[in-house]
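Novice: Questions regarding the structure given below will be posed in turn.
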Amino acid sequence: MTPMSPVERVRHRSLTLLRRLRPRREHAVVRFRGDLTADTVIDTHRVLRAALRDVPAVLVVDVSRVTHLSPDGAMALLLAVRAARAQGTRMEITGAHAQVAATMHQTGLERYLSGHPPAR
């Protein structure tokens with residue numbers, strides 16, 4: 001195991017303190033609808049970041065009402081996956097129809113679709 005950098009140590013300590021100060025919720029659910037594209041990426045990112053603020057054990061992102069997912073919209077989901085992992089939250093994406101699932105496959109996000117084997 002490689003030693004942590006000073007920045008990583010501070011981040012780890014702050015996350016540990018945050019977990020002690022805030023009780024951890026088991027599940028948080030975020031539901032999106034409409035298009036997740038370049039036009040909505042900032043709002044998508046804000047909503048996901050707010051959901052992660054409470055440090056839930058699992059963040060479920062329901063995309064069953066998303067009509068179109070662009071690569072830019074998928075990037076917002078990918079950034080949320082990385083932030084969730086960094087704080088120890090598991091993220092699942094549910095309800096993806098064909099077009100959304102295809103974009104998720106192209107961007108490497110399909111491993112976070114519920115019902116798929118967990119990422120290694």
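The values are calculated or read from the model by the stated rules, or taken from the named source; none is laboratory data. Note that the structure is predicted; figures quoted are calculated from it, not measured. Positions of Cβ are generated from backbone atoms using ideal geometry, with glycine treated the same way; all protein chains shown enter the neighbour counts. Side chains included, ligands, DNA and RNA excluded: accessible areas come from the protein's heavy atoms. Shrake-Rupley method; radii C 1.70, N 1.55, O 1.52, S 1.80 Å.
Novice: So how much accessible area does H105 have, in Å² to the nearest 10, using a 1.4 Å probe?
Specialist: 110 Å²
Novice: Probe radius 1.4 Å, ligands and nucleic acids left out: which of R65, R9 has the largest accessible area, and how do the rest follow?
Specialist: Correct descending sequence by accessible area is R65, R9.
Novice: Less than 13 Å Cβ to Cβ from T103, Lys/Arg counted +1 and Asp/Glu -1: what total charge do the surrounding residues give?
Specialist: -3
Novice: Modelling each spin label as a point 7 Å along the Cα-to-Cβ direction, I'd like the I42/A57 distance in nm, to one decimal.
Specialist: Label-label distance for I42 and A57, simple model: 3.7 nm.
Novice: Summing +1 for each Lys or Arg and -1 for each Asp or Glu, what net charge is found among the other residues whose Cβ lies under 11 Å from the Cβ of V41?
Specialist: My count for the surroundings of V41 gives -3.
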